[in-house]
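Some notes on the structure that comes next.
The values are calculated or read from the model by the stated rules, or taken from the named source; none is laboratory data. None of the values given here were measured: they were computed from a predicted structure. Glycine also receives a Cβ, built like all others from the backbone with ideal geometry; neighbour counts cover every protein chain displayed. Surface areas here come from the heavy atoms of the whole protein model, side chains and all, with no ligands, DNA or RNA. Shrake-Rupley method; radii C 1.70, N 1.55, O 1.52, S 1.80 Å.
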Amino acid sequence: MKLFRSLGLKKHRNQLLAVLFWLLVWEVLVLSVDNELLLPSPASVLLTLLDLIQTLDFWQTILYSSLRIIFGCLLAISTGLVFAIGAYRFLWVKDLLALPVKIMETIPVACFIIIALIWLHPQNLSILVAYMMVLPIIYSNVLQGLKSRDEKLLQMARVFGVSTWKKIKAIYAPAVRPFFLSAVTVGISFGWKAGIATEIIANSNHSIGERLYEAKLYWMTKEQLAWAVVIILISIFYEKTARMIMRLLQPQSET
Amino acid sequence: MDIELREVTKRFGAKTVLDGVSISLSEGQVNCLMGPSGSGKSTIVNILLGLLPIDSGQVIGMKNRKIAAVFQEDRLIEHWDALKNVQLVCDKSLTKEDILREFQQVGLEEDVDLKDHRKPVSLYSGGMRRRVTIVRALLAQSDIVILDEPFKGLDDALKLQVIAYVKQKTAGKTLLVVTHDKEEAQQLGGNMIILQAAV
Ligand SMILES: Nc1ncnc2c1ncn2[C@@H]1O[C@H](COP(=O)(O)OP(=O)(O)O)[C@@H](O)[C@H]1O
Ligand SMILES: [Mg+2]
């Protein structure tokens, strides 16, 4: 017991030390650059951040960006799941989806954004972009998970006449679960990044992207970095939340 | 109606495993299928279960039958406990206590009792897993029971107990037991089918 606890502590201590190390690197760079406009210190960024979080606008901005981007991600997760099941069951679905999925997988986000801007209003574009970025991740991982199911267990189920629902619970779900879990966590952080990028390029009103864009325009470097920190923290928050929800969805008897 | 294979030929690529094999199982009785390792016993089982297509010949009497089986491999849901594995295939009317009583009959009570039944079968020994598959096959609704080397990994005393259990549970049903052990076949009794190794 004691050993475990001290090991756990040690792990966290090392992580903390690593963060301190990088803050130190930052501080050293600050000293050598010696220009608040080019590179503000960690302390002044933190102070800016503390100022920011006291404004209502800060929280509204986060809410605005989050609602759209997370909505796009959730839409992609649910439809990606459905598409993957369709592609697993019917070859024609898989063939039909192959091209669009390939395009979504390979197109650079910025390229897609400026193309989409030709036809679409910038305001809600982040929903679409998050959707397009997350969909192929969910789709291909779930499909891979479905294909990894144990064929011999399916034969067993067929011989015993096990119902489709029980087959899903016993054989398909356990095969898909780890693929789905990693796809969702990776997908959400991808979708979040792409969504913010969209807001910057499209300059969507009241968004985190817009705040970043403005900060850049007026050389408010401290604000820019403070927002970058916020973006990272939110991304971690959503990833952890996703993990937690998935753990709750997992039946107790299955480990 | 008896169950029959008539002049069945099965090839895997260039290799002919069954070359015009004909066998018949007596309905409602014990049938033992014997033969050396590699002679095609499990292939016959898979053909009877409808899991393998044949190259020529006929399979008679297997259409629309309720089948239960122990496969050559355990084919258990590894992360589930023994109870859940059995519940997957059996009727809802069987209670947990009913199933635990069956586990008792094959000497699994110490491992699968109420307090410990949550242990996933992946943590069981080979012999324990085999007995779970036997209980699973015998509690499923069926009129034909096919067991492919079901007593693998059981010591002699336990084997006698499990054989008695199998005979009791399958009385009146068509039973096919694959084995390469003469003693096992004698203890089971019934119709003996000997398979020669294909050349
Ligand atoms: N899916 C398969 N592909 C190729 N060869 C196979 C396959 N299944 C069985 N065989 C071959 O068929 C022969 C008979 O196998 P099997 O029916 O499992 O024998 P037994 O159960 O009597 O030991 C073996 O030589 C085995 O290698
Ligand atoms: Mg075999």
Checklist entry - Which numbered condition trips up B:Lys119, out of (1) within 27 Å of B:Ala157 (Cα to Cα); (2) within 16 Å of ligand 1 (Cβ to nearest atom)? => result (2)
Checklist entry - Are any residues in region B:146-183 away from chain A (no Cβ under 14 Å), buried (at least 19 other Cβ atoms within 10 Å of the Cβ) and within 16 Å of ligand 2 (Cβ to nearest atom), and if so, which ones? => result B:Glu149, B:Pro150, B:Phe151, B:Val177, B:Val178, B:Thr179
Item to check | Residue match in region A:204-218 (condition: within 29 Å of A:Ser41 (Cβ to Cβ) and not in a helix (DSSP H, G or I)) | outcome: yes
Checklist entry - If we keep just the residues of region B:1-17 that are more than 13 Å from ligand 1 (Cβ to nearest atom) and part of a loop (DSSP other than H, G, I, E, B), which is modelled with the highest pLDDT? => result B:Asp2
Checklist entry - For the subset of region B:65-95 comprising residues that are within 16 Å of ligand 1 (Cβ to nearest atom) and in a loop (DSSP other than H, G, I, E, B), which member is least open to solvent (accessible area, probe 1.4 Å)? => result B:Phe71
Checklist entry - For region B:18-63, what are the residues that are in contact with an Asp or Glu (Cβ under 8 Å, 6 or more places away or on another chain) and either part of a loop (DSSP other than H, G, I, E, B) or of a type in the set (S, T, N, Q) (or both)? => result B:Ser22, B:Ser24, B:Ser26, B:Glu27, B:Ser42, B:Ser56, B:Gln58, B:Gly61
Checklist entry - Hey, among the residues in region B:37-63 that are at positive phi and under 19 Å from the mean Cα position of the chain (by Cα), which one's farthest from ligand 2 (Cβ to nearest atom)? => result B:Gly61
Checklist outcome for this item: Out of (1) within 16 Å of ligand 1 (Cβ to nearest atom); (2) within 11 Å of chain A (Cβ to nearest Cβ); (3) in contact (Cβ under 8 Å) with a residue 12 or more places away in the chain, the one B:Ser42 does not meet is (2)
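For region A:147-166, which positions are touching a residue at least 12 places away in the same chain (Cβ under 8 Å) and at the interface with another protein chain (Cβ under 9 Å from one of its Cβ atoms)? If you could, list the steps in order and put the result at the bottom.
Pass one, region A:147-166, residues touching a residue at least 12 places away in the same chain (Cβ under 8 Å): A:147-150, A:153-154, A:157.
A:Asp150, A:Leu153, A:Ala157 - these are the residues of region A:147-166 that are touching a residue at least 12 places away in the same chain (Cβ under 8 Å) and at the interface with another protein chain (Cβ under 9 Å from one of its Cβ atoms).
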